[in-house]
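See below for the structure under consideration.
Here, each number is a calculation from the coordinates, and none is a lab measurement. None of these values were measured; they are calculated from a predicted model. Here the Cβ is made from the backbone with ideal geometry for all residues, glycine too, and neighbour counts use every protein chain on show.
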Amino acid sequence: MSRIQIKDLLKLEPSEQSVTAKGWVRTKRESKNAVFISLNDGSTIHNIQAVAEPGQVSEEILRLCTTGACLRIDGALVPSQGSGQAVEIRIARVEVYGAADPEEYPLQPKKHSLEFLREIGHLRPRTNTFSAILRIRHALAFAVHKFYNDNGFFYLHTPIITASDAEGAGEMFRVSTLDASNPPRTEDGRVDFSQDFFGREANLTVSGQLEGELGALALSKIYTFGPTFRAENSNTTRHLAEFWMIEPEMAFFELEDNMDLAEQFVKYVIGYALEHCKDDLDFLEKRLQEEEKNKPQNERSLPLSEKLNFVVGNPFERITYTEAVEILLKSKPHKEKKFQFPVEWGIDLQSEHERYLVEKHFKKPVILTNYPKEIKSFYMKLNEDGKTVRAMDVLFPGIGEIIGGSQREENYEKLLGRVNEIGIDPENLWWFLETRKFGTAPHSGFGLGFERLVLFVTGMTNIRDVIPFPRYPKSAEF
Ligand code: 4AD
Ligand code: MG
């Protein structure tokens with residue numbers, strides 16, 4: 001019989017049928033009357049237990065069935081004597097695909113710290129915690145595509161290599177075929193990019209938005225979902241140098257429509273995970289509660305499922321930047337102490353401010369709108385007041401900013417004015433500006449940081465633990 005995934009094997013009736021399981025040993029236990037092997041193949045958090053009577057499997061093979069070894073087990077599916085599972089395999093035959101020397105294999109059946117697991121990034125997907133996170137990550141990615149597909153959006157593949165700096169923050173990784181140690185130079189000594197592969201400077205994209213806008217002004221509703229890159233040297237638990245972003249862009253959407261979509265979208269994908277990842281979420285919830293045991297009762301966070309259900313079931317708070325600043329000015333964040341960064345109208349809100357609003361004041365997700373134009377990107381639509389733009393950030397408990405977006409400036413003159421004001425060369429954006437010249441339309445969009453979403457849903461606290469191969473300063477071993 002060919003292999004069945006363990007998740008499906010566990011659902012079968014134990015009617016003595018022959019089955020084959022293939023996977024990695026989690027634990028092996030021997031008693032006088034039997035040997036028990038727990039096997040996991042990554043298809044589920046649960047293991048299948050395989051039991052052999054003494055003598056059924058040779059000593060030589062049994063010795064190799066240690067934690068981490070990869071096996072094929074053939075046998076009969078029978079009712080399990082043990083608690084916690086309905087079925088188990090009565091072993092007929094074991095084949096060892098690959099042993100894992102217990103003297104060397106770093107993953108032993110005990111709890112390893114997340115820091116330690118980060119050092120063995122090549123093996124950590126084999127742990128319960130990381131395999132659960134990776135399955136939830138997959139389900140969330142699938143839910144993203146399902147949501148947009150079901151709502152009439154088209155998936156637009158925007159380029160990874162691009163000449164534009166969408167966010168204007170200058171945090172780009174350069175892509176070049178020039179010899180970095182001796183690049184060709186122009187007469188005035190600057191690097192001569194005309195001799196480069198693309199005949200000009202090129203970078204890894206920081207956002208697919210600008211190209212997304214081109215798509216929206218043709219297909220009405222598009223979304224991108226791809227890797228984005230930021231060369232910001234930020235060693236934080238919320239930033240990566242390579243992260244995945246989902247960016248919907250919609251013609252004929254005003255800021256209010258944009259907020260409605262963002263709220264509906266995150267609620268949908270979180271709800272999808274609640275419905276489809278129950279076992280993995282239960283596992284992570286138990287893990288978190290274990291960690292919080294030592295904290296005093298009033299400092300413990302809500303159980304993961306309660307937190308997620310709360311977000312799905314309650315409307316987000318919507319306030320303007322100006323209202324937020326007023327709340328912060330009146331607030332007493334840490335007993336009588338003030339914020340580390342003083343609050344006044346015009347500042348870029350720091351994470352301590354965002355978290356105060358979300359976690360202490362409103363105690364739910366907040367959508368902040370109408371920020372001062374100086375602290376936001378050039379493409380956002382200017383309000384009548386001439387001071388604020390139609391921006392929106394969605395702030396989440398424990399995370400801070402999870403979404404950033406806006407209504408876009410669709411007026412050619414006003415957009416050109418902002419481009420010049422900020423000092424961007426309009427030559428570099430001629431293609432973007434032309435969309436405002438020919439058949440412009442009101443439109444809006446936003447970007448959701450996928451890893452921040454996965455952080456929230458899994459209850460993890462470090463962004464490096466929710467992406468299989470995190471890229472951060474000095475990280476890239478493979
Ligand atoms: O706020 P940001 O920079 O917005 C944009 O890039 C817009 N072009 C989006 C749009 O309107 N289409 O980034 C959007 C989101 C943030 O809210 C955050 O969740 C995430 O991307 N993000 C990061 N996630 C991980 N590591 C980083 N270095 C991130 N920078 C932003
Ligand atoms: Mg932002």
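Normalised by 2.2 N^0.38 Å, where N is the number of residues, the alpha-carbon radius of gyration of segment 287-440 equals 1.31.
By definition, a body whose alpha carbon gyration tensor gives a ≥ b ≥ c is prolate when a/c is 1.5 or more and a/b is larger than b/c, and the chain fits this prolate description.
Near Lys381, once Lys and Arg are set to +1 and Asp and Glu to -1 for all other residues with Cβ below 11 Å from its Cβ, the sum equals +2. Each of Thr66, Thr177, Thr461 has some number of other Cβ atoms within 10 Å of its Cβ, and from fewest to most they run Thr177, Thr461, Thr66. In this structure the amide hydrogen of Ala100, modeled in the peptide plane, comes within under 5 Å of the amide hydrogens of Thr66, Ala69, none closer than 5 places in sequence on its chain. Under a 5 Å amide H cut-off, with hydrogens placed 1.01 Å from N, Arg93 pairs with Asp74 among residues at least 5 apart or on other chains.
Kirkwood radius and radius of gyration were both taken over the C-alpha atoms of segment 6-110, and their ratio Rg/Rh is 0.94. Sorted ascending by nearby beta carbons within 10 Å, beginning with the fewest, Tyr105, Tyr148, Tyr223 become Tyr105, Tyr148, Tyr223. Farthest towards the positive end of the charge dipole of segment 6-110, among the residues Val19, Gln56, Ile45, is the Cα of Ile45, using unit charges on the Cβ of Lys, Arg, Asp and Glu.
In segment 383-478, how does Rg compare with the Kirkwood Rh, expressed as the Rg/Rh ratio over alpha carbon atoms? Before the final figure, lay out the partial values.
Values: Rg = 18.4 Å, Rh = 16.5 Å.
Rg/Rh for segment 383-478 comes to 1.11.
Under the combined filter of DSSP loop state and at most 11 neighbouring Cβ atoms within 10 Å, segment 395-478 retains these GluC sites (Glu not before Pro): Glu477.
Rounded to the nearest 20 debye, the dipole size of segment 6-110 about its Cα centre is 260 debye, using +1 on the Cβ of Lys and Arg and -1 on the Cβ of Asp and Glu. Across segment 210-299, counting alpha-carbon atoms alone, Rg and Dmax equal 18.6, 56 Å. Distance distribution note for segment 14-68: the fraction of Cα pairs above 12 angstrom is 68%. From the Kirkwood radius over Cα pairs of segment 46-193, Stokes-Einstein at 10 °C and 1.306 mPa s returns a whole-number translational diffusion coefficient of 73 µm²/s. Working note: Debye formula, equal point scatterers on the alpha-carbon atoms of segment 253-297, no solvent; log10 I(q)/I(0) at q = 0.24, 0.26 Å⁻¹ is -0.80, -0.85. Counting only alpha carbon atoms, the long axis of helix 255-276 and the longest principal axis of the chain meet at about 0°.
Relative to the Cα centre, the charge distribution of segment 9-63, modelled as +1 at Lys and Arg Cβ and -1 at Asp and Glu Cβ, gives a dipole magnitude of about 240 debye. Roughly what angle does helix 278-292 make with the longest principal axis of the chain, taking Cα atoms, 0 to 90 degrees, to the nearest 10? Here the helix axis deviates by roughly 80 degrees. You can think of it this way: the chain between Trp431 and Glu59 has 126.8 nm of extra reach, that is 0.36 nm per residue less the Cα-Cα gap. Taking other C-beta atoms within 10 Å as the exposure proxy, Thr186, Thr388 rank Thr186, Thr388 from fewest upward.
Please list the equivalent ellipsoid semi-axes of segment 152-203, computed as the square roots of five times the alpha-carbon gyration tensor eigenvalues, in descending order and whole angstrom. If you can, show how the numbers build up before the last one.
Working: eigenvalues 162, 29, 17 Å².
They are 28, 12, 9 Å, listed largest first.
For the chain, DSSP calls about 90 percent of its internal beta bridges antiparallel. For segment 412-422, 3J(HN,Hα) computed residue by residue from phi via the Karplus equation (6.51, -1.76, 1.60; θ = phi - 60°) reads 4, 4, 5, 5, 4, x, 5, 4, 5, 4, 7 Hz, glycine and proline entered as x.
Taken one residue at a time, the phi angles of segment 235-250 give Karplus couplings (6.51, -1.76, 1.60, θ = phi - 60°) of 8, 10, 7, 10, 10, 10, 7, 10, 9, 9, 10, 10, 10, x, 9, 10 Hz. Gly and Pro are set to x.
Evaluating 6.51 cos²θ - 1.76 cosθ + 1.60 at θ = phi - 60° for every residue in segment 145-157, the Karplus couplings come out as 5, 5, 4, 6, 4, 5, 9, x, 9, 10, 7, 9, 8 Hz, glycine and proline recorded as x. Here segment 291-376 has an Rg and Dmax of 14.9, 45 Å, counting Cα atoms alone. Note on the chain: helix-only mean residue ellipticity at 222 nm, from DSSP H runs of 4+ residues weighted -39500 (n - 2.57) and normalised by residue number, equals -9000 deg cm²/dmol. Amide H contacts under 5 Å for Arg471: Ala241, Glu242, restricted to partners 5 or more places along the chain or on a different chain, H placed in the peptide plane at 1.01 Å from N.
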